[in-house]
Amino acid sequence: MKKLITAILLVPVALTLVACNTVEGVGKDIKSGGKAIERAGKN
């Protein structure tokens, strides 16, 4: 069960890293991820 949860959490992270071609892209992705977490916390 623990391995399944880990895999489910790592897949989006891996896809995000693959989609980022530059350091700037990584920064933007991290920033947008942080904003999404903030919005989820406000609800």
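The single condition from (1) open to solvent by 100 Å² or more (accessible area, probe 1.4 Å); (2) modelled with pLDDT under 85; (3) assigned to a helix (DSSP H, G or I) that Asp29 fails is (1). Looking only at region 11-26, residues that are open to solvent by 100 Å² or more (accessible area, probe 1.4 Å) and either part of a helix (DSSP H, G or I) or modelled with pLDDT of 70 or more (or both) come to 5 in all.
The values are calculated or read from the model by the stated rules, or taken from the named source; none is laboratory data. These numbers were taken from a predicted model, which means no experiment stands behind them. Please note that ligands, DNA and RNA were not included when accessible areas were found on the heavy atoms of the full protein model with its side chains. Shrake-Rupley method; radii C 1.70, N 1.55, O 1.52, S 1.80 Å.
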